[in-house]
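Taking it in order: structure first as structure tokens, then the write-up.
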Amino acid sequence: MKGILEKAEAIKAQIIADRETLHQMPEVGVYTPNTAAYVKKRLTELGIEYKDCGIHSAQEREKVLKMGYGDAPESTGVVGVIGSGGPCILLRADMDGLPMEETTGLAFASKNHNAHSCGHDAHAAMLLGAAKILKDMEGELKGTVKLMFQPGEEMGYGSRTMVDDGLLENPKVDAAMALHVASQAEVGKLTYSPSVSSGAMATFIIKIQGKGGHSSEPQKTIDPVNIANQLCGALNMLIPREVDPEAFATMTVGALNGGKASNIIPDTAEIMVSFRTLSPEAYDHLMTRIPELIDHYVKAWRGTYETVVLKTPSTVCDPEFSAEVVPFVEEIVGKGNVNPVPPMKGAEDFGYITREVPAFFAFMGAGSPEGYPLHNPNMVLDERAFPIGSAILANCAIEWLKAHA
């Protein structure tokens, strides 16, 4: 839509200011209270109604602790609403950081021991920029725009806390889109995968309870290390024997812990195993078979167990919705600058949204091929990309609502 990019460029200074403020206070996991407070402050200044959104049960809180993410008393998602009536399109921005030190030397570098080395600060700032444009044009909108500011993307769980809390209802969301910055791609270039866009991931922590004793009397014990060893072998056979060889799928037993001395059969052992796949069918199959193997192997040798599971499904773009949205993106960046690519093997928890509604997910250039990659402590972004991102989000919402009014 003509004029949208100009509107975004006119508020570039504010978008950058929002990004730099958020960059200095990265928070990890689903509990990002300071980040959420800043987003709510800015929405209030823009005159946009919002509400807190995210269910984080006591059980999930304990699970997150066991996974090593630190305590999270609640999920601090925020949802803003612009316009009214149907149809309704959702725009997503994640806003959590990473548990790592930043070494960029930027004047606005992180002031704590976390870092926005994945660009989620830019995502939130770009969505605030789009919100400004959309709010100023609210009278022209042919429906409703939901603004989703989510925590906990890096742990693959934050969007689910919001979906569980009714994110996609009242009003019902009909379509969704999200952008992710790419620090090693040129400004003004976008890539997307027309179907499966990201790998699915699941992590299992299995604590096996045996019965410890002296190594000279194994008949009086239940050996959890032996159980763990056999279980590792069985798990590593799942993919080569039960997953289509043409599907990308990997499984790794990354940790097997138990015992401290050769003459003591320990009481407990622990396994940490994770898998990734680009196949939704393989994901569903493995999520069924792994618990079955755990249960059967542990019980076969008279042990008991506790399992903690953290999972993230694949992000799957809707081909028809993607084909419809790409021209709206090209109105901002120009024809030939939006191109399909193979899916990334990393996980992206926008998959909890794409499982429910037609969606579009794209990587937006915000750097150069010579730049540092995402998750690197030296990663920096080109600020010229930020108003482009805001314009893309706003234009896609405006034009899609108009087409479906």
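General remarks:
- Global form of the chain, assessed from the alpha-carbon gyration tensor, a/c cut-off 1.5: prolate
- Taking label points 7 Å from Cα along the Cα-to-Cβ direction, Leu256 and Met237 give a separation of 1.4 nm.
- Spread of Cα-to-Cα distances over 5 Å intervals beginning at zero, given as percent, for segment 110-173: 4, 14, 18, 19, 21, 13, 7, 3, 1
- 14 Å beta-carbon shell around Thr252, net charge (K/R +1, D/E -1): +2
- Helix 12-23 and the longest principal axis of the Cα set of the chain meet at an angle near 20°.
- The angle between the Cα long axis of helix 280-300 and the longest principal axis of the Cα atoms of the chain comes to about 20 degrees, rounded to the nearest 10.
- Ellipticity estimate at 222 nm from DSSP helix runs (n ≥ 4, -39,500 (n - 2.57)) divided over the chain, nearest 500: -11000 deg cm²/dmol
- Cα-derived Rg to Rh of segment 144-284, Kirkwood definition: 1.14
- Between Val308 and Tyr372, the modelled label-to-label distance comes to 2.9 nm, taking each label 7 Å out from Cα in the direction of the beta carbon.
- Accessible area of segment 245-363 belonging to carbon and sulfur atoms, whole % at 1.4 Å probe: 53 percent
- Taking the longest Cα principal axis of the chain as reference, the axis of helix 120-136 is set at about 30 degrees.
- Accessible area in square angstrom per residue, the chain, 1.4 angstrom probe: 42 Å²
- Near Ala397: Cβ cut-off under 14 Å, other residues only, Lys/Arg at +1 and Asp/Glu at -1. The net charge is 0.
- Charge dipole of segment 56-165 (Cα centre as origin; +1 on each Lys and Arg Cβ, -1 on each Asp and Glu Cβ, all else neutral): 240 debye, rounded to the nearest 20.
- Simple Cβ-charge dipole of the chain, Lys/Arg +1 and Asp/Glu -1, about Cα centre, in debye nearest 20: 440 debye
- Between the beta carbons of Asn339 and Glu169, assuming R0 = 35 Å, the FRET efficiency works out to 0.50 to the nearest 0.05.
- Residue-by-residue Karplus 3J(HN,Hα) for segment 346-354, coefficients 6.51, -1.76, 1.60, Hz, glycine and proline x: x, 8, 8, 7, 4, x, 5, 7, 5
The values are calculated or read from the model by the stated rules, or taken from the named source; none is laboratory data. Owing to the predicted nature of the structure, the values given are computational and were not obtained by experimental measurement. Neighbour counts run over all protein chains shown; Cβ positions are idealised from the backbone, glycine included. Side chains are part of the model used for accessible areas, which takes the heavy atoms of the whole protein and leaves out ligands, DNA and RNA. Shrake-Rupley method; radii C 1.70, N 1.55, O 1.52, S 1.80 Å.
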